[in-house]
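First the structure, in the form of structure tokens, and then the observations on it.
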Amino acid sequence: MPHQDPTERRVVVTGPPRRTRRASGYYRPRTEIDEQTTLGHTYVRSLMRSQLRAGLTVFAVLGLLIGPLPLLFAAMPDARRVEWAVLGFGVYVPLVLLARWYVRRAERNERDFVRLVEDR
């Protein structure tokens, strides 16, 4: 079995390299996220934190609006019709407004995140 000298070995490249490294000062956030680096994890955690903040804000406002209703109803013992009117119609408008605000906020957070990670 003949021994081949390492300097005589040939390597044939049939296509472009699959990955090329950019200059050391340049980074792409999308690549950081895809490769699950610490920086990519920070980007995703930032998006999740902003979405959580929006959800907790809606939850807090909802709790402040609807939470005191049982106390209000207990203070008015003979007002059954008022209770049903408040629960059936009075709560509906704030719920819809909060839902619209939350969806718009979540979409804005996602747009900002996409703008951050897209190539410019």
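Here are the numbers:
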item	result
Estimated FRET transfer efficiency (residue 10, residue 37; beta-carbon r; R0 41 Å; 0.05)	0.70
For segment 52-120, accessible area per residue (1.4 Å probe, heavy atoms of protein chains only), Å²	81 Å²
Residue-span extension gain [residue 62 to residue 92] - 0.36 nm each, minus C-alpha spacing	9.7 nm
For peptides 94-101, 75-82, sequence by mean Cβ density within 10 Å, most packed first	94-101, 75-82
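The values are calculated or read from the model by the stated rules, or taken from the named source; none is laboratory data. Computed from a predicted model, the values in this text were never measured in an experiment. All Cβ positions, glycine included, derive from the backbone under ideal geometry; neighbour counts span all protein chains shown. The area values use the complete protein model at the heavy-atom level, side chains included, leaving out ligands, DNA and RNA. Shrake-Rupley method; radii C 1.70, N 1.55, O 1.52, S 1.80 Å.
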